Structures are given as C-alpha cells and as structure tokens.
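These notes concern the structure reproduced below.
The values are calculated or read from the model by the stated rules, or taken from the named source; none is laboratory data. In this text, all values refer to a predicted model and were calculated from it rather than measured experimentally. Note that each Cβ is placed from the backbone with ideal geometry, even for glycine, and that neighbours are counted across all protein chains shown. Each accessible area value is taken on the protein alone, full model and side chains, heavy atoms only, with ligands, DNA and RNA left out. Shrake-Rupley method; radii C 1.70, N 1.55, O 1.52, S 1.80 Å.
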Amino acid sequence: MKTRKSTTSRHHSSPSSPSVSNIATTQQQNLASFANMARKSSLFKQTLIATAFFILAIYALFTTFFHTPLPVDDTVSPSDDAADVSSVEFPERRADGSGSVGKVKVFMYDLPHKFTYGLIQQHGLARGGSPVDDVTTLKYPGHQHMHEWFLFADLARPESDRLGSPIVKVTDPEEADLFYVPVFSSLSLIVNAGRPPGTGSGYSDEQMQEELVEWLNGQEYWKRNNGWDHVIIAGDPNALYRVVDRIKNAVLLVADFGRLRPDQGSLVKDVIIPYSHRISTYTGDFGVEERKTLLFFMGNRYRKEGGKIRDLLFQILESEEDVIIKHGTQSRENRRAASHGMHTSKFCLNPAGDTPSACRLFDAIVSLCVPVIVSDNIELPFEDIIDYKKFSVFVETTAALKPGYLVSLLRQVSAEKIIEYQKAMKEVKRYYDYTDPNGTVNEIWRQVSQKLPLIKLMINRDKRLVKMELSEPNCSCLCSNQTGIISSL
C-alpha cells in the first residue's frame, strides 16, 4: 500500500508529464488535422464519382450511335428434338394492337333473305300487308331496335361511300379479320308482337333462330374458329334467346346483359350498343326558362323483374308538384307527347324496365333533358370515351323509393348546373344518332375493332385447351355491374 501511494505521488509530480493546457492544445490540433483530411477525402471522392459518370456517359453515347451489332450466326441449326422456329413469321402489329397494319377488315355474310329482308315482309304481312316480288325494296319498320338495320345498311354501301369508318368492308372472306352476321333478330322477335292468337302470319321467331344456327354451322368460316371471330347483333334483350348458348363465342352487340348469364355475355367480349332513339332531337338553346316541368316520364308503368320499380315510382311521384309521370305505350301519338314532354322538362326519369336499360335514356339525351337513372345494374354504351356522370344523375333504387327524396334532390340542382349538363349532352349526342355519318354506327364499329386482340387470343387458346365440363360457369372476363351505384350529383 505504501509503495502504491509513493508511485502515484511520483507520477503526478513528474516533470515530464504534460499539463492540462498542453493536452487540450494537442487535441485541438489533431481535430483540425482530421477535419482537413476529411474535407480532402470528400472532395477526392466527389471528383472520382463525377469522372466515373462522365466515362460511362461517353461509353453509352458511343455504344448507341457508333456500335454495330455482330451478325447473327444463322448456320446454327436446332437440335432434332427442338422446334424449328426459324421460318415462323410473326405479323406486324396494327395501331390497335392486332394483326397487319391498317383498319380491321370485316366481311358481311350475304344471308338468305329469310333472315333479313324477308323479316321485313313477315312484319308487314302480320299487319295486313301484301307480299311483294322483290323484298329488297321493302323499308325497315321504325322501332327502338333499328340498330340492326343501320349496321346492315352501312356494310351494304360501296366502300367508297364509307369514308371515315373505323373498319374496312371486304368482299373476300379470306381477307377478313371479322365476320358480321346481319340477322334482323330484334325485328324477328316482334313480328307477331301484340297480335291476338290466330291473327298473325304464322311466323315463328324460334324457328328462325334454329334455322340461323343451322346455317352458321354449315359455314366454313364459322366452323374454322368456332365462331370467335364473328359478330352478331341481338339488340332486344330477348333476341336469339333460344340459341344464345350456341352462338355465345361470337361478339354479341347487345343493349344490356339483363337476360344473359356471365358465361354468355360480358363487357370484355361483347359490345353495349344504344337503342335507336324515337324522340325528335331538340334543336333549341340551352336553358331552363322554357322547361317548366321538373321531372318527366312517359312509358309502360307495369314491367316484370327489375322493372317493378316503375309502379312504385308512379305511386310516389304521381302527386308531386311540377312532376309529369304518365303510363303510355309505343304509338305515333304517344311519341309526339313524349317529345313535347322531354323538350319542356329539366329532368327525365329513366327507371329500369324488364331489363336494366331502356330507350328512354337516349331519348332524353337527344332532348337535352337531364337523365335521372334509377337502375342499379345498368350498363351503358361507349363508357371508354363517355363519362355519364357529366350529364346524368344516378340515384340508387332504395334511395329513389323514399317518399320525397327524389324531387328534393332534383330541386337542389341549380339552373347553372342544369345548363352544364345540357352542354355536356350536346357534346356527346352524336354517339346516339344512327343517322349521323360520324355517329353511332362508326362508334359501334370502333368498339368491335377493339375486340380483335382478344378474339385472336381466344382463337389460339381454344386450339390447345382441354375441354372440361364445369359445374359452374367459368368466365375469364369482367362481368356486368352487380355492385350498385352511388347516389350523388
């Protein structure tokens, strides 16, 4: 213990030991030296990184513009058990992503007249008309499913008269990408509609459907790809109902999916088309001064299935002030009354019918009468380019059936907002005019042409799939809207 103390004492008193001030000075000098070294090191690293990036940039520039790739050695042959793909020619890509460069080529079948003009005659005979020698002289009767006539008439014209069309009509089926089957399926459905039993022509829509499928099954091009590259119009929700399972591979042109199962129709495979509007187009100015009625509806009050909402809406709205809601069926007099009602109303009610859609929506648009859509499962045409929220009011069914809710909602809409809706409708109304040279017909063909990549996929996929019997439909597609809507302005 004494030795340790002595040692300690000598250590602290040694003349060679540095003072506290000397130690502090030395530490400051060291820190300054380290800081200078760190700054020099950081500057050196930055210079090195910048030099490296510069060299890489020069190399990339040289490689891109001056480097010539080595020629491919085509002397190497594949092994015996490998597939020889050297002779495979892959098609150029279209602007729309499919096939050869250019527009989609469509061949229209020259169907037997019993599927086209013959149906016009049958419709006339059922209404007391007389047979004619040349059925091609007959005029297609006006009704809400005239889309089948306008598409047929478009492809029947010389190609020189079809300037601006998004598709090309070809007369050689070998050149065709798609095949159009111009059956008047909706007209067939109504040949005897409304006729008392025994007063019709004896015509059978079901027989026509069976004969159409029999005819298709005899066609080389239908059999070649199992109908995938064919386009068939079935505008009325009940059109071709008997044979839809046998033609469902085709692109179906439909008003909605109300009568189709998910494995029969979908937004991916098929095209939603608008009804042919039956109301005269409004030609007046924007505004609400001449539109004294708040809400207008004229149509069949009693419908089946989802259309039962109509009767309930009648009960709620009949006694409301500045609301006109009338029961009426298709007739010339009722169309005139409906035209006047839509042209003088701010809003037009569009409830579901037997299926989610109805022609009334398109009548409202060309009348610049803001559609009020009460149809939760509705599908709408051309939604890839048209935003219906810009000119329509969507109301969920359960909300619309609350007494006072609907009219209260509509009375809150300002005149400025209504005029905004009207301007938006005018911008898009050509898409619902089948007589406009750049209207509905062209838009339908554009929609059809966009299906071609999927059609080619399904054709090639069909060649290698193992056929399976499934207990439930297996549709690899987007199915129709079953999620309802948001009630909002």
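With 25 Å as the limit, the listed pairs Lys292/Lys417; Lys139/Lys426; Lys139/Lys223 have Lys139/Lys426; Lys139/Lys223 beyond it between alpha carbons.
In terms of distances greater than 24 angstrom between alpha carbons, the cross-link table entries Lys390/Lys456; Lys326/Lys389; Lys346/Lys390; Lys114/Lys248; Lys105/Lys248 yield Lys390/Lys456; Lys326/Lys389.
Please sort 354-367, 104-117, 411-424 by packing, taking for each peptide the average over its residues of neighbouring beta carbons within 10 angstrom, highest first. Write down the numbers at each step before the final one.
Numbers: 354-367: 25.1, 104-117: 18.6, 411-424: 14.8.
My ranking of the peptides, most packed first, is 354-367, 104-117, 411-424.
When the alpha carbon coordinates of region 361-471 are projected onto the principal axes, the ranges are 59, 42, 18 Å, largest first. In terms of overall dimensions, the C-alpha atoms belonging to region 293-432 reach 34, 31, 29 Å along their principal axes, ordered largest to smallest.
Just the number, please: carbon plus sulfur as a percent of the accessible area of region 281-339, 1.4 Å probe, no ligands or DNA/RNA counted.
Values: 1650 of 3640 Å².
The computed percentage sits at 45.
Per-peptide packing, taken as the mean over residues of other Cβ atoms within 10 Å, places 426-436, 440-450, 214-224 in the sequence 440-450, 426-436, 214-224 from highest down. Measuring with a 1.4 angstrom probe and ignoring ligands and nucleic acids, Ser130 comes out at about 90 Å² accessible.
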